[in-house]
Amino acid sequence: MKLEIVSTKTVNVTHLVQGTITWAGSRIQVARTISFTLVQDDRDSHVPVIDIDNGYSVRFYDDDGKLVFEGNIYNIEKDRSKSMVKVKAMDHLHILGVSKTTRKFTEMTPEDITRQICGEMGVSTGDISETGTPVSFIANRKTGYQIIMTAYNEAAKILNKDKADDDKTRKLYHLMMDGAKLCVIEKGTLIKDEATGKDWTADARSNMTESVYKESIEKLIDQVLVVDEEGNQVDIISDDEKIKKYSMFQDVYKQDPNKDTQTEVKSLFTKPERSGHITVLGDYRVKSSYSIIVQDTFFKGQFWVKSDTHTIEDGKHLMKLELEFENLMNEEKAEKEKENE
């Protein structure tokens, strides 16, 4: 493991770290972050004084010397009485998350849109998922992140048109940084163990230290009563399997001539709300929006990593993973050009 601060020169500050390095990310958070505290005291001749300021770069390497984080410092707190400086840096996705532009895209693929937007905003690109699917929309004062995700959302609608919501072949996408380069991955990709080629597994018998599982049916809807505009019953649509297991919880849908009844009724059904997290021995490859295999009393099978928090202290690396039970994609809705009347 190595931590560097880069301004006009590169300085290794690993030996000055006090306490924990926290490296974290989430499916619903644009940029990954890294936070740490450095010992700094100009009264002690044995402590080197490091030039630290907002805008400087931070690089973080794993135990094999691979770059796992590169970004800029956005928050610093200097406390002379405690002889320390707290630092928080974010990777370059933060630039795409706050920088805005206005564009009209006509029959362009998401991958071409991504490269164009990154070129405009000064972000390098790496591996970009190729969809080969042209899309059209208007981006009116939208961030680079919103534009790219809109493009991939529109393409995903086309690619997944005839697939069920739980179809594991559905194409979903997520943005992340590989060092200083933006990558677009197919969300939910299983992480592989490079040594064995097998799926990366969190196992209660070997590398897992904690697991917490929660489930609630308080907001469950498993039956919908369909009525016409006068309130007369037209149909009852039920999920018999859930009713048998949980009892019947009914909602009502009033037909609207301007909307598709089947689509609207489908949106009213809800599932049991499930969530959970595990704590596992750390592995820098495990990050949000990938998926892993879990073997535990409460969790068995493939789960999606919603968020990850890696903590490194005194040579000990642990990670807390918040798990999702469905493969979900961050949604950005496209603004379409109005047709001339």
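The values are calculated or read from the model by the stated rules, or taken from the named source; none is laboratory data. The structure displayed is predicted, hence computed values, not measured ones. Note that each Cβ is placed from the backbone with ideal geometry, even for glycine, and that neighbours are counted across all protein chains shown.
Yes/no matrix, rows are residues, columns are (1) outside the structural domain of residue 57 (by TED's automatic domain parsing); (2) β-branched (Val, Ile, Thr); (3) farther than 29 Å from residue 3 by Cβ; (4) within 19 Å of the chain's Cα centre (by Cα):
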| residue | (1), (2), (3), (4) |
| --- | --- |
| 113 | yes, yes, yes, no |
| 117 | yes, yes, yes, no |
| 122 | yes, no, no, no |
| 129 | yes, no, yes, yes |
| 149 | yes, no, yes, yes |
| 155 | yes, no, yes, yes |
| 162 | yes, no, yes, no |
| 168 | yes, no, yes, yes |
(message) Looking only at residues that are polar (S, T, N, Q) and out of contact with any His (no Cβ under 9 Å at 6 or more places or on another chain) in the range 296-326, which one is nearest to residue 186 (Cα to Cα)?
(response) 302
(message) So, in the range 192-240, exactly how many residues are in contact with a strand residue (DSSP E or B) (Cβ under 6 Å, 6 or more places away or on another chain) and either in contact (Cβ under 8 Å) with a residue 60 or more places away in the chain or closer than 15 Å to residue 297 by Cα (or both)?
(response) 14
(message) If a residue must be within 39 Å of the chain's Cα centre (by Cα) and outside any loop (DSSP other than H, G, I, E, B), how many such residues does the range 211-235 contain?
(response) 10
(request) Read through the list (1) farther than 20 Å from residue 187 by Cα; (2) touching a Phe, Trp or Tyr at 6+ places or on another chain (Cβ under 9 Å); (3) aromatic (Phe, Trp, Tyr), then give the number of the only condition that residue 253 fails. (result) (2)
(message) Condition first: under 17 Å from the mean Cα position of the chain (by Cα) and modelled with pLDDT under 90. Now tell me which residues in the range 290-341 satisfy that.
(response) 325, 326, 327, 328, 329, 330, 331, 332
(request) Mind listing whichever residues of the range 103-140 are in a helix (DSSP H, G or I), of a type outside the set (Asp, Glu) and either farther than 18 Å from residue 176 by Cα or without any contact (Cβ under 8 Å) to a residue 24 or more places away in the chain (or both)? (result) 115, 116, 119
(message) For the range 274-301, give me the residue count where each residue is free of Cβ contacts under 8 Å to residues at least 40 places away in the same chain, part of a strand (DSSP E or B) and of a type in the set (Gly, Ala, Ser).
(response) 1
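When only residues in the range 88-97 that are in contact (Cβ under 8 Å) with a residue 60 or more places away in the chain and of a type in the set (A, V, I, L, M, F, W, C) count, which is nearest to residue 58 (Cα to Cα)?
Within the range 88-97, the match that is nearest to residue 58 (Cα to Cα) is 93.
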(message) Can you report the number of residues in the range 141-167 which are farther than 22 Å from residue 183 by Cα and at pLDDT 95 or above?
(response) 1
(message) Residue under question is residue 216, and the condition is that it be among the polar types (S, T, N, Q), modelled with pLDDT of 95 or more, touching a Pro at 6+ places or on another chain (Cβ under 8 Å) and surrounded by fewer than 14 Cβ atoms within 10 Å (Cβ to Cβ); does it hold?
(response) yes
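Residue-wise test of (1) surrounded by fewer than 18 Cβ atoms within 10 Å (Cβ to Cβ); (2) modelled with pLDDT of 95 or more.
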{"site": "1", "(1), (2)": "yes, no"}
{"site": "6", "(1), (2)": "yes, yes"}
{"site": "27", "(1), (2)": "no, no"}
{"site": "33", "(1), (2)": "no, yes"}
{"site": "38", "(1), (2)": "no, yes"}
{"site": "49", "(1), (2)": "yes, no"}
{"site": "53", "(1), (2)": "yes, yes"}
{"site": "78", "(1), (2)": "yes, no"}
{"site": "94", "(1), (2)": "no, yes"}
(request) Look at the range 6-31 and say how many of its residues are farther than 14 Å from residue 311 by Cα, within 26 Å of the chain's Cα centre (by Cα) and not in a loop (DSSP other than H, G, I, E, B). (result) 1
(message) It is to be established whether one or more residues within the range 231-247 are in contact with a Ser or Thr (Cβ under 9 Å, 6 or more places away or on another chain) and hydroxyl-bearing (Ser, Thr, Tyr).
(response) no
